[in-house]
Amino acid sequence: MANSNILSTKPHPLFEECEEHLCRLGDLNATSSASITQKLSGLEDLHNCAEKLLQLPLTRKALVNGRHEKWVDQVVDGSLRLLDMCSAAKDAVLHTKECAREIQSTMRRRRGSLESEIKRYSVSRKVVKKAIQKALRNLKSNDSKNAILSASNKDIETMALAGALGEVETATLAVFESLLCFVSGPKSQYSKLNSWSLVSKLLMQSKKIGCEEEEKAVNEFENVDSVLQILIQSDKCPLNIENVQTELQCLESCIQNFEERLDRLFRGLIKIRETLHEHRHNNKMAPSKSQYHIRSNSFPTRPHPLFQQCDEHLCRLGASDATSSSSVSLKLSGLEDLHDSVEKLFQLPLTQQAFVQGRQEKWVDELVDGTLRVLDMCSAAKDAVLHTKECAREVQSIVRRRRGAEVLGLVGEVKKYMASRKVVKKAIRKALDNMKAGANYKSSSSNKESSAETMALISVLKEVEAVTLSIFESLLCFVSGPKSQTMMSGWSLVSKLVYKKKVSCDQDDDQADANEFAKADEALQCLMYHETAKFDNTTHIENVQNELHSLESCVQDFEERLERLFRRLIKTRVSLLNILNY
């Protein structure tokens, strides 16, 4: 290390700070929710430090050098792995939170006939564990592909930077892995334990024995699984019911801590990925910097074909109505094409020239805020669709397991599904309110000194943002269903589903029939009405199964398209920040 005047003899304090954060993370054992929360907080500090490190001139110099593009690509790929793992952790925590809240609410309302509720919770836990296993398998397969490049041809500065960023990625993935394993719980399932072993395990835990084996079993997820199994096997003893409520409350508090920290971490990881993209972009664009000093006449007299292409996509999106799942899917597909064109538009020299002028910084800031609004709306749509999918699968599984017209206790299951739908609708209303507040706050002022090129760019990008938000709004409203749904009486629901003759002039019925979410709600309410009225319900059980199957297919399609869109929106935001920070 004798040849460096910067890192070898006197390392920048930020390198030492990163090392300290890494050491602190390494000293902590992720054996309890408190220690994992501490690790997540430590990750926030570490990534704040890494973000500052990436802004250093020596870091920029090392990355823009041009000889390490393959290494930079590896680091950028690693940042995507971190985002994927963080997203998997967020999904697991969110799903468990909703399921825990639902069973907690059910127990507060009634204290009998809880076996089916507990089985439903267990099914949801299996779904979460399966998703976690998939995420961990993906992590391991990526580890084998992510070989470390040889440092023999690198200078000291780049070696130090590569080492620091590599350790940051490794430490972050390790913390996410610990969190996912903690949420999943131990491999030894409680279903394999007998009733006495479960009871004795929890009784011994309450006696604070100083043995290591007992002290390390402080896992709120595991404890809830245990007490629910005990409750099933102990004939619903009042003492055990109180114990379940206590453990569920502890789990809810634990999840709240995880959720808040994961949300902040996710935003921090996006910021770091954007910065890395900026450096890689500068690396490739540096040789052509002089091109920005040439005035362009291409906008006013002959618009670039990509502008016309964007306009065509916008026109197609505006020409169709989002009144059915197929039309919503079509709009989501159109959004993918639109944002692909926008990404190509950002790579044009004339587009970059318009941004680099420096006279539109306020507008660029507004546009960057707009990309975050779009990401937030896409994330809200993903969450709503994911939650609905899991709830639909669970109630579908319960209905399938019941024989013929034997639907004793199914009313409770339907009420539980309806409660979960209310949670989704409440989250959707909040997202729509936030979107409207953001739209009101956004400035619409334009600079009179803007060139024709910049004015054209502003116009297109504002339309892209407006149309994207409009489609997400349509999707969220579609998932939420018509407001009048809960106001329908039992008989009106029955008559609507029994007399399904397609009258061509009845447009309202046609539109309602095109909404799988509303139809599933109707079918379940109709079944509940027949169950309470003691009518024959065999036909309605079949109808519920059909509607839930249709809903599952619709949700699957939405989920896949939203996932692809989310990645494209991140890419668009990154490209915009690349230009802004050039």
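Details
- Net +/- balance of residues flanking LEU43 in space, Cβ distance below 10 Å, scoring K and R +1, D and E -1: +1
- Spin-label model distance (nm) - THR539 vs LYS415, 7 Å beyond Cα toward Cβ: 2.7 nm
- Within segment 75-110: backbone nitrogen closer than 15 Å to the GLU259 label point (7 Å, Cα to C-beta): 89-105
- Count Lys and Arg as plus one, Asp and Glu as minus one, and take only other residues whose Cβ is under 10 Å from that of ILE255; the net charge is then -3.
- When ILE272, ILE241 are arranged by Cβ crowding within 10 Å, least crowded first, meaning fewest neighbours, the order is ILE241, ILE272.
- Pairs beyond 23 Å (Cα-Cα), from LYS344/LYS462; LYS426/LYS462; LYS344/LYS382; LYS52/LYS134; LYS39/LYS271; LYS271/LYS331: LYS426/LYS462; LYS344/LYS382; LYS52/LYS134; LYS271/LYS331
- Proxy reagent accessibility, fewest Cβ within 10 Å first, across MET455, MET85: MET455, MET85
- Cβ-based exposure ranking for VAL356, VAL395, VAL183, in which fewest neighbours within 10 Å come first: VAL356, VAL395, VAL183
Every read-out reported here was derived from the displayed coordinates using simple, explicitly stated rules and does not represent laboratory data. Remember, it's a predicted structure, so these values are computed and weren't measured experimentally. Because the Cβ atoms are built from the backbone with ideal geometry, glycine has one as well, and the counts that use them run over all protein chains shown.
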